[in-house]
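Everything below concerns the one structure shown next.
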Amino acid sequence: MGELTNFYNPTAVAIVGASKKPGKVGNSIVKNMIESGYPGKIYPVNPKDSEIEGLKAYPSVTAIPGPVELAVLSVPAAKVVEAARECGEKGIPYLVVITAGFKEIGKEGLDLEKELVATCRRYGMRMLGPNCVGMADTHTPINASFTRNSPLKGDIAFLSQSGATLIAILDWSRSVGLGFSKMVSLGNKGDLSEIEFIAEAAADPYTRVIACYLEDVADGARFLDVVREATRKKPVIILKSGTSQAGAQAASSHTGALAGSDLAYDTAFRQCGVIRARSLTELFELAIAFSRCPVPAGKRVAIVTNSGGPGIVATDNVEARGLTMARFTRETIDELRAGLPAEAALYNPVDVLGDGKADRYRFAMEKVLADPNVDSMVVLMCPTAVAQPVETTRAVVELQKQYPGKPILGGYLGGESMAEAVQLMAEAGIPCFTFPEPAIAAISGLVNYGQFREMPGDGNELSYPDVDKRAVKAIFYDVIRDNRLVLLGSEAAAVARAYGISAAPVSLATTPDEAVEEAQKMGYPVVLKVASPKILHKTDVGGVKVGLDSPEAVRRAFVEIMENVNLLLPEAVVYGIEVQKMMPKGTELIIGMTRDVQFGPMIACGLGGIYVNLLKDVSFRLARGLTRREIENMLAETKAYTLLRGYRGEKPADLPALVDAIGRTARLVLDFPEINEIDINPVFAYNQGLSALDIKITIS
Ligand code: ACO
């Protein structure tokens, strides 16, 4: 039972803008409500008519005698706010606003929507829409929408930001016998959004899987918190169309350029256990699989087929999807050899040959399912003249009952000759596709979700009580007073140090003598780097000199850098030259941060140095809610990880120190939303500890 239980199951519903006239939206909503079998009271509201579709109609909601729990508004946009206000006066807690003409039409509509939302807030009403088709719940049952027909009963909750997609899916679903627990057209998401509906569906006993079509996410931070919880209970599959605005932001850092436009959604979905579908087809293939199959114990897939080609396609897909082909036990192989013709392929995929009839299929499937090395099975069948699709399917259905813990999926190739068998599979609740690929994709979704659920919910966000926020604030204050948004290297290093990130000693010198003095203090050798907020890529302008091991070398380098910069970037303001202690070489890494408009800061880490953009060996996580395990996984995803673990006799890097530095970077950017971007490149990872060499921080 969630916050929206009564929204889906109200005691009485008012339809404001109900109409007698067939073909009008207000008429179809009344009809849908009646035809859905809704058990509560239905009150049509219309200023002129006293009876609509056999129901008594009322001139206004306030004239309705009893309490009303949900009002569906289908009056023109100009009348919606007033109608909502009346609903508020009547004490109605939930609204569905069908009407279009709000923020989707521009400024005027946006203002009207704000007024509508403010009206809802004033009366404590929750609203679906505006600009939506409505909602249906097959278990109440209720259909408060203007869809052409009602959904069949089922256990998939479908939330759609596109009304047209919802209508189309509903129509298609009836033709294939697919049922839904709920269908919600999210519309403009003026108040209620996918977040509330996902939370509700996760708590709903009639929903087994949550499928969403989304164009954006209303509130990234809340989405992460709520959906992370929901996915622990039920699979959430999302098709997200369009691209996030992260890519549109001018990315001056390596991290920003690497992040790209869609990465924040990918990262957010993965971090909170959402299964991402790449097409509408895949969304429903996965939804069907989750609605009908158990989550398999592992990723070992067996394939039983009557033809080689589809078996090979399936095998390729198994590998491409990160699944494995099951290796049968010796006993299984011996039994298959004894019972199948000599030409049959005994090893996975098992080929019962083109003349394989139902008994041969049954025999092979029985042996395969009994094998302890098999977690799931795909049955492929093509309609040879002698194949027995229906009889074979009967065997599949029986075996599914015997092995309820092992998902069985069909890939029935063909059409006409397979129709009856496909129908039998549907009736038995066994997902069956026309080709092998979706069956494998569905198993991959099931396996990934199973792995996610098994991962212990290491939900403790990292905390660092020793960080010095005040020091960072003071540095930012000085930078802003200096009319800058880019920190100098010495300032950035001080910020890092305040957050416990080990930064190589660095200080600013304005004359060659000062540079020598600083170098003497730190000890030779040193590196000199031009200090200018306008010069982000210093090496490119001859602004870096390394390996300076004497006062003379430092003096000479100082002058040369100044000359180079004057020549190549005469207009750049130069604050001086930074003297940095030359650190011993370590594994070169990058730690960075770029901000996404929806999901906030994203932390990156991977192979660093000058080739970061070329090699793109970087993995990302959202800073919000980042845990130690996530950071470890993040490192393990990179190729750099092989180096960090000690490549070709090298000593392994200090992984705990790296995890600590990444966690502290995440803490820093969460504490300071004014930090726009960070690149720490390179970070030298050592056998013991690490050193952040070049730190770039931009603020806003
Ligand atoms: N209270 C009660 N009834 C009222 C009120 C009121 N305050 N004011 C008017 N009405 C009645 C009208 O008299 C009319 O009844 P009638 O048919 O008996 O005359 C009824 O409400 C509807 O009013 P109309 O002025 O006839 O409006 P119409 O039905 O043409 O349009 C609608 C209303 C459908 C809400 C329209 O404004 C609209 O928004 N259409 C687009 C809907 C849409 O596309 N939504 C998004 C879906 S997503 C997708 O893309 C598929």
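Using 0.36 nm per residue of separation minus the Cα-Cα distance, give me the extension gain between ASP171 and LEU353 in nm, one decimal.
Full extension of this stretch gives 61.7 nm more.
What value in Å³ per residue do you get for the convex hull of the alpha-carbon atoms in segment 587-699?
92 Å³
Would you mind computing Rg(Cα) / (2.2 N^0.38 Å) for segment 278-387, counting N as its residues?
1.09
Express the Stokes-Einstein translational diffusion coefficient of segment 142-195 in µm² s⁻¹, to the nearest whole number, given a Kirkwood radius over alpha-carbon pairs, 10 °C and a viscosity of 1.306 mPa s.
139 µm²/s
If R₀ is 35 angstrom, what is the calculated FRET efficiency for the pair LYS473 and ALA221, using the beta carbon separation as r and rounding to 0.05?
In this case the efficiency is close to 0.95.
Enumerate by residue number the trypsin sites (Lys or Arg not before Pro) in segment 24-55 meeting two conditions: DSSP loop (anything except H, G, I, E, B), and at most 13 other Cβ atoms within 10 Å of the site's Cβ.
LYS48
For ASP694, enumerate residues with amide H under 5 Å from its amide H, sequence gap 5+ or separate chain, H modeled in the peptide plane.
ASN681
Enter the angle in degrees (range 0 to 90, nearest 10) between the Cα long axis of helix 512-522 and the first principal axis of the Cα atoms of the chain, meaning the one along which they spread out most.
With both axes taken from Cα atoms, the answer is about 70 degrees.
Given labels modelled 7 Å from the Cα in the Cβ direction, how far is it in nm from LEU110 to THR324?
Modelled inter-label distance: 5.4 nm.
Return a whole-number percent for the relative contact order of the chain, with Cα pairs under 8 Å and 6 or more residues apart as the contact set.
Result for the chain is 9 percent.
According to a simple spin-label model (label point 7 Å from Cα along Cα-to-Cβ), what is the distance in nm between LYS31 and ASP549?
Placing both labels 7 Å beyond Cα along the Cβ direction yields 9.0 nm.
Would you mind checking the pairs LYS233/LYS401; LYS21/LYS56; LYS153/LYS182 and listing those with alpha carbons more than 19 angstrom apart?
LYS233/LYS401
If you put +1 on each Lys and Arg Cβ and -1 on each Asp and Glu Cβ, how big is the dipole of segment 622-665 around its Cα centre, in Debye rounded to 20?
40 debye
Which of GLU427, GLU571 comes first, and how do the rest follow, when ranked by fewest Cβ neighbours within 10 Å?
The fewest-first ordering by Cβ neighbours comes to GLU571, GLU427.
For segment 496-588, what ratio Rg/Rh do Cα atoms give with a Kirkwood hydrodynamic radius?
Here the Rg-to-Rh quotient is 0.97.
Once you put a point 7 Å from the Cα of SER241 and another 7 Å from the Cα of ASP540, both along the Cβ direction, what distance in nm separates them?
3.8 nm
Just report the Cα centroid separation between segment 275-294 and segment 386-418, whole Å.
19 Å
Over the chain, what portion of Cα pair distances is larger than 31 Å, expressed as a whole percent?
In whole percent, the share of Cα-Cα pairs in the chain beyond 31 Å is 64.
Within segment 312-341, name every residue whose backbone N is under 19 Å away from a label modeled 7 Å from Cα of ALA370 along the Cβ vector.
326-341, by backbone N distance to the label point.
Multiply the residue gap between ARG122 and GLU343 by 0.36 nm, knock off their C-alpha separation, and tell me the result in nm, one decimal place.
Separation in residues times 0.36 nm, less the Cα-Cα distance, equals 72.0 nm.
Which angle between 0 and 90 degrees, to the nearest 10, do you get for helix 220-233 versus the longest principal axis of the chain when only C-alpha atoms count?
It is inclined by approximately 50 degrees.
Count neighbours as other Cβ atoms within 10 Å of each site's Cβ, and list the GluC sites (Glu not before Pro) in segment 296-378 that are DSSP loop with at most 13 such neighbours.
GLU343
Taking a 18 Å limit on the Cα-Cα distance, which of the listed pairs LYS521/LYS581; LYS545/LYS616; LYS538/LYS696 fall beyond it?
Check vs 18 Å cut-off fails for LYS545/LYS616.
What's the FRET efficiency of LEU485 with GLU82 using the Cβ-Cβ distance as r and R₀ = 41 Å, to the nearest 0.05?
Efficiency at R0 = 41 Å is approximately 0.30.
Working out 0.36 nm times the residue gap between LEU568 and LYS585, then minus their Cα-Cα distance, what length gain in nm do you get to one decimal?
Here the segment from LEU568 to LYS585 would lengthen by 3.2 nm.
How much FRET efficiency would the formula 1/(1 + (r/R0)^6) give for GLU331 and ALA419, where r is the Cβ-Cβ distance and R0 is 45 Å, rounded to 0.05?
Rounded to the nearest 0.05, the efficiency is 0.75.
Determine by what factor the alpha-carbon radius of gyration of segment 1-153 differs from 2.2 N^0.38 Å, reporting the quotient.
0.96
Quick one: putting +1 on the C-beta of Lys and Arg, -1 on the C-beta of Asp and Glu, what dipole do you get for segment 587-699 around its Cα centre, in Debye to the nearest 20?
260 debye
Which one, TYR94, PHE284, GLY586, is farthest towards the positive end of the dipole of the chain when Lys and Arg carry +1 and Asp and Glu -1 on their Cβ?
The residue sitting farthest along the positive end of the dipole is TYR94.
Can you give the convex hull volume per residue for the Cα atoms of segment 87-208, as a whole number of Å³?
Enclosed volume per residue, from the Cα hull, is 100 Å³.
Hey, can you grab everything whose amide H is under 5 Å from the amide H of ALA71? Only 5+ residues off in sequence or another chain; H modelled, so Pro and N-termini drop out.
Residues meeting the amide H criterion: ALA14, TYR94, LEU95, VAL96.
Any read-out appearing in this document is the output of simple, stated calculations on the displayed coordinates, not a laboratory observation. Note that the structure is predicted; figures quoted are calculated from it, not measured. Using ideal geometry, Cβ is built from the backbone for each residue, glycine included, and neighbour counts are taken over all protein chains shown.
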